[in-house]
Amino acid sequence: MLHHGYSPLSATNGLPTTAVRNLGGKLGAQIAEHFKTESLTELLSASLAAFQSFLSDDTATWAYNTIRGHDRSPVEPKSRIKSMLSTKSFRDPLPSSVADAQLWVEVFLADICSRLEDEGVMDGRRRPKTMTMTITGKHSGSRNKQTSIPAAGKIERELLAKIAEGLLRQVVGEPSVLPCTGLSLQVAGIEDREEGNMGIGAFLIKGGRVKGADKRAGGGGGERAPAEDKRRRVGDDAGRFVAAPALCGDNGSGREDAASDAPSAFRCPECGADVAMGAEEEHRDWHFARSLMLEDRAAAAAAAAATARERVTRSAPPVVPKGKAGGSSSSGGGGGGKGKRGKKDASKLEKGQRKLAF
């Protein structure tokens, strides 16, 4: 911030044209070539018409005012920092041991931690996600290792030092990385934390609070009530697929038949159970669903049995009557030779066979 009455021209004395923002490239070279000078002090004597003679009106006006320290472009808000890097390039003598590299890692941590504190990371308002360490060996290329920073817990110097130490052990384990000509440490993915987030431990009851909850649930007694037995019908799996209807007098420990003369109950003609008034339609639907399930099961069993019979019938060899088989083998005349063509002589032995005496 400059005090009132301070002339910006005094700060540009002796500076070259390339020192001005956006004049270090082709535009600055074009201006220096046209006026045969790179000194801002000498360019102050040039008029606006001289700039407009070889530049467009907008560019000439902007360059004319910028050289004089007048910049009316809107000020843009600074974006939040998302990464921090601390690096060092070495000259002889180069770090040649893990201890030398560890000293520089501690320097990097001190630098990064101070900057993280300014960004509110140490206070919990923001949090980084990853840490990366890069090392450039004298006789090899760059090697880097990256790991994630735990999302739970407070960000402290001890936590970052532990992570950086693990990365250093991984990096120096690579071949030909020491001595090194460069070493850097970076934390990235710095974002604002969402408020109201809790870890999974906040939803669980631990230690003595569990015993207290059990005592309150048991009415102050130290013993837990035994589990209630549930009634199950043998051979009836309808309850696996269809919810059982509500019965009159059902308190969760089994079905209790109400009195037959109870005015608030309806006796089912199919199963004889007493159903609460108003639940008749639901009870009938349950019987209907159960009957459909049993019909589908019977149809599936019948289809499976038919398939099994058909498979057995196909696999069984055909039965030939004895008389028909004998007539075909004993047929004589001209057809006798044809019938004996495919039949082998049992008394004739083939090569490699011999007859055993029993």
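The numbers here are math on the coordinates, done by the rules we state, and not lab data. Just so it is clear, the structure is predicted and the values come from calculations on it, not from any experiment. Backbone-built Cβ (ideal geometry, glycine too); neighbour counts: all protein chains shown.
Of note:
- Within segment 138-171: backbone nitrogen closer than 20 Å to the ARG125 label point (7 Å, Cα to C-beta): 153-157
- For VAL275, nonlocal amide neighbours, meaning residues 5 or more places apart or on other chains whose placed amide H falls under 5 Å from its own, are CYS248, PHE266, ARG267, CYS268.
- Among 82-93, 20-31, sorting by the average number of other beta carbon atoms lying within 10 angstrom of each residue, highest first, gives 20-31, 82-93.
- Inter-centroid distance (Cα atoms) of segment 69-127 relative to segment 276-304, Å: 73
- Computed P(r) (all Cα pairs; segment 8-67; 10 Å bins; percent): 24, 64, 12
- Tensor-based shape of segment 83-192 (alpha-carbon gyration tensor, a/c under 1.5 rounded, otherwise prolate or oblate): prolate
- Along segment 83-90 the Karplus relation, 6.51 cos²θ - 1.76 cosθ + 1.60 evaluated at θ = phi - 60°, assigns HN-Hα couplings of 8, 9, 10, 10, 9, 8, 9, 9 Hz to successive residues, with x for each Gly and Pro.
- Residue-wise HN-Hα coupling along segment 275-292, computed from phi with Karplus coefficients 6.51, -1.76, 1.60 (Hz; x: Gly, Pro): 10, 5, 4, x, 10, 5, 4, 5, 5, 5, 4, 5, 4, 5, 5, 5, 5, 5
- Segment 59-68 - phi-based ³J(HN,Hα) in whole Hz, Karplus 6.51/-1.76/1.60, Gly and Pro as x: 5, 5, 5, 5, 5, 4, 6, 5, 4, 8
- Potential lengthening of the chain between HIS139 and GLU158 amounts to 3.6 nm, from the contour at 0.36 nm per residue minus the alpha-carbon distance.
- Residues in segment 274-308 that a label on PHE266 would reach, taking backbone N under 14 Å of a point 7 Å out along Cα→Cβ: 274-288
- Put simply, the amide H of MET122, placed in the peptide plane, has neighbours under 5 Å in GLU117, leaving out anything fewer than 5 places away on its chain.
- For LYS129, the residues whose modelled amide H falls within less than 5 Å of its own, excluding neighbours fewer than 5 places apart on the same chain, are ALA188, GLY189, ILE190.
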